[in-house]
1. Can you list residues whose amide H is under 5 Å from Gly107's amide H, if they're 5+ apart or on another chain and H is modeled 1.01 Å from N?
2. Dividing the Cα convex hull volume of the stretch 101-147 by residue count, how many Å³ per residue is that?
3. Give me D for the chain in µm² s⁻¹, whole number, from Stokes-Einstein with Rh from the Kirkwood sum over alpha-carbon pairs, 10 °C and 1.306 mPa s.
4. Note down the magnitude of the dipole of the stretch 2-144 about its Cα centre, charges +1 on Lys and Arg C-beta and -1 on Asp and Glu C-beta and zero elsewhere, to the nearest 20 debye.
5. Can you work out the Karplus-derived ³J(HN,Hα) for every residue in the stretch 132-137? Use 6.51 cos²θ - 1.76 cosθ + 1.60 with θ = phi - 60°, whole Hz, and x for glycine or proline.
6. For the chain, give me the percentage of DSSP beta bridges that are antiparallel, rounded to the nearest 5 percent.
7. State which stretch of the chain is the longest one without any exposed trypsin sites (Lys or Arg not before Pro), exposure meaning a DSSP loop state and at most 14 other Cβ atoms within 10 Å.
8. Using the Kirkwood radius built from alpha carbon pairs, what does the Stokes-Einstein equation give as D for the stretch 35-122 at 20 °C and 1.002 mPa s, in µm² per second?
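The numbers here are math on the coordinates, done by the rules we state, and not lab data. All values derive from a computational prediction rather than experimental measurement. Here Cβ is always computed from backbone atoms with ideal geometry, including for glycine, and neighbour counts include all displayed protein chains.
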Amino acid sequence: MYLVSACLAGINCRYDGGNNFNKNVADLVKSGKAVPVCPEVLGGLDTPRVPSEIAADQHGNKKVITENGQDITAEFKLGAEKTIKIARIVEAKKTILKQRSPSCGCGKIYDGTFSGNLIKGNGFTAELLIENGIEVLTEDDLERDSL
């Protein structure tokens with residue numbers, strides 16, 4: 001069983017109210033092989049919502065900050081925790097998450113300056129899934145590998 005970013009399955013849960021439809025992901029959900037989740041919505045954030053990015057202080061402590069300066073780290077942590085609970089319930093061994101997202105990004109995320117710059121790192125949910133032994137793929141991985 002896969003856990004997938006709900007936006008990739010075509011659910012309108014992105015920060016701007018849209019989605020990132022990916023046919024391969026949607027087909028997995030339709031066939032019953034994947035469960036869609038949106039960690040940000042699970043954490044209590046509205047759709048649409050103000051864009052957010054992960055910012056680290058000089059000590060490496062990470063926070064999720066909105067474009068207008070609000071700290072929403074607690075919501076992102078809650079969403080990650082709820083997502084890992086769902087992953088355990090459905091016995092997900094792999095996930096397919098939205099790249100660059102402050103929740104779901106794996107390998108590269110935005111740098112916290114809202115300038116479009118990418119840095120090495122993982123979103124809060126991707127990091128927690130990895131720490132719990134669940135493989136994290138992005139939609140780019142689907143283009144290279146067959147499921």
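1. Gly121, Asn122, Gly123
2. Numbers: hull volume 3.5 nm³, N = 47.
For the stretch 101-147, the hull spanned by Cα atoms encloses 74 Å³ per residue.
3. Values: Rh = 15.0 Å.
Estimated via Stokes-Einstein, D reaches 106 µm²/s.
4. Numbers: 18 positive and 19 negative charges, 82 e Å.
Result for the stretch 2-144 is approximately 400 debye, rounded to the nearest 20.
5. 9, x, 9, 5, 10, 10
6. On the way: 9 of 21 bridges.
Roughly 45 percent of the beta bridges in the chain run antiparallel, per DSSP.
7. Working: sites that count: Lys33, Lys93.
Between the exposed loop sites, the longest stretch runs 34-92.
8. 159
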